Structure formats: C-alpha cells, structure tokens
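Take a look at the structure set out below.
The values are calculated or read from the model by the stated rules, or taken from the named source; none is laboratory data. Model, not experiment: these values are computed from the prediction. Ideal geometry is used to build each Cβ from the backbone, glycine not excepted, and the neighbour counts take in all protein chains shown. When the accessible area is computed, the model is the full protein with side chains, heavy atoms only, and any ligands, DNA or RNA have been set aside. Shrake-Rupley method; radii C 1.70, N 1.55, O 1.52, S 1.80 Å.
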Amino acid sequence: MSTIAINMFLTLDGVAQAPGGPEEDQEGGFTQGGWTVPHFTDQLGEIIGPWHSGAGAILLGRKTYDIFAGFWPNVPDDHEDAPMAKILNDTPKYVASRTLTAPEWQNSTVLDADVPAAVAELKKQDLGELQVIGSLDLAQTLIRHNLVDEYRLLVYPLLLGTGKRLFADGTVPTNLELVSTETTTNGVTASVFRPIGAVSYGSFSL
C-alpha cells in the first residue's frame, strides 16, 4: 500500500489559491496571487526539501502540472534550485486532466478520467508516498473521497479574505493527530497532521 500526503501553502484564513504568482490561478477574479513569495526563506526551503525528497511519486492537477513542466525541466545544473529540479524531474508524476493526452515532461502519466478511482488504485500499489504538491482542485477531490493519509500545511501569517480554500464544502469531518510543528523566524508555521478517525462530539452544558 502507498500513502497520500498533501503539501499545501495556506494563509491564516485558509486560502490556498495561487500562492506562487499573480497569474497562477485567477479563477473567480482572484487578484492576490503570489502571496507566499515575500515570506519564502532558506529556512522554509530546508523544511520543504526533505518532504519532497521522500516522494515515491507526485500527484498533480493540470494547472500545477503546466506551471511545473514549464519551469523545472529548464533549470540549469548549476542553479540553486537544481537539487529540487532533479527530484521533480526524476520522480514519477501522475496528472489529473481531461484534456492532456501526451505529457512531454519526463516520467509523466495522465490519470484515468475517474480520478478518485485511479488514485485509489495507485494507493494499492507499492509506490511509497504519493505527494500532492499544490494542485488545489485535485487535493479537494482527494479530501472529499477520504483518500488523504497526511497533511503538511505551511500556514503564512497573513489574511486575504477571498480565494479558494483547501478545506471547502464536501470536506469529510475528520479527527487529526498533530505529528510535528515548526515555526520559521518570519512566522510561517509548518505542521504535519494525520487523520485518526471520526470527529468526537460533546457538550459543556450541565
């Protein structure tokens, strides 16, 4: 069996849309893309690096795939991002898309149209850890179908007020275990959670 981990950038009010650039995802008239960039530090890179290096395969939505495929294969060997480029270029990638038929980025495969079923089949294989990087729409689909084994959430100290959120309508009520947490010097919190079953309820009333 393989496991699925979601690696996601979030604002304090839960927005996950377009963290990396203004034109990354403008759906819904979103104009605040690129909000992670001023907060990114070497310290944060040292946290994220080991997460990605442990991937047996990567799950990507079409938007994130196009962004990654247009950048990472072109990183020079002497560039500071070369180690990450090697990881992403060499690792098998599975893409959720109804329109992509012939992916050109090396080691890329398009999933069947029934994405939840296709991912469930991947989980039955011995692929190690399947990481969802970005790919908000895909992440939400996997959450709704209860396919996620671990959440790695980088929460940035800012509020946007609008934008798509990771935990949207259709999220399965789930109790989570905090595995680890770390805060960078500029206030970004990196926390790892694992689902541990159904939510428990109670009352403080007498």
Q: Could you work out which residue, out of THR184, THR101, THR141, moves most in a Gaussian network model of the chain, that is, has the largest mean-square fluctuation with Cα springs under 10 Å?
A: THR101
**Q.** Where labels lie 7 Å past Cα in the beta-carbon direction, separation of LEU178 and LEU206 in nm
**A.** 3.2 nm
**Q.** Förster radius 41 Å - calculated FRET efficiency between THR41 and THR109, Cβ distance, rounded to 0.05
**A.** 0.75
Q. Taking a probe of 1.4 Å, how large is the accessible area per residue of the chain, in Å²?
A. 54 Å²
**Q.** LEU158 paired with LYS123, simple spin-label distance in nm, labels 7 Å along Cα-to-beta-carbon
**A.** 3.4 nm
Q.
With a 10 Å cut-off between alpha carbons and a GNM built on the chain, which of ASN89, ASN175, ASN146 moves the most?
A. ASN175
Q) Roughly how compact is region 66-171, stated as its Cα Rg over 2.2 N^0.38 Å to two decimals? A) 1.20
Q.
Can you divide the C-alpha Rg of the chain by 2.2 N^0.38 Å and report the result to two decimal places?
A. 1.03
Q: State the antiparallel share, in %, of DSSP beta bridges confined to the chain, rounding to the nearest 5.
A: 35 percent
Q. Averaged over all directions, how much area does the convex hull of the C-alpha atoms of region 1-104 cover when projected, in nm²?
A. 8.3 nm²
Q) What is the distance, in nm, between label points placed 7 Å from the Cα along the Cα-to-Cβ direction at SER53 and at ASP90? A) 1.1 nm
Q) In the chain, how many lysine pairs have Cα atoms under 22 Å apart, counting only pairs 8 or more places apart or on different chains? A) 5
Q) Could you give the dipole magnitude of region 56-108 about its Cα centre, charging the beta-carbon of Lys and Arg +1 and that of Asp and Glu -1, in debye to the nearest 20? A) 440 debye
Q: Taking only Cα atoms and a 10 Å spring cutoff, compute GNM fluctuations for the chain and point out the largest among VAL148, VAL75, VAL110.
A: VAL75
Q.
Just to check I understand the Karplus step: with θ = phi - 60° and J = 6.51 cos²θ - 1.76 cosθ + 1.60, what whole-Hz values come out for region 123-131, glycine and proline as x?
A. 5, 6, 8, 8, 9, x, 9, 9, 9
Q. Got a number for carbon plus sulfur as a percent of the chain's accessible area, 1.4 Å probe?
A. 53 percent
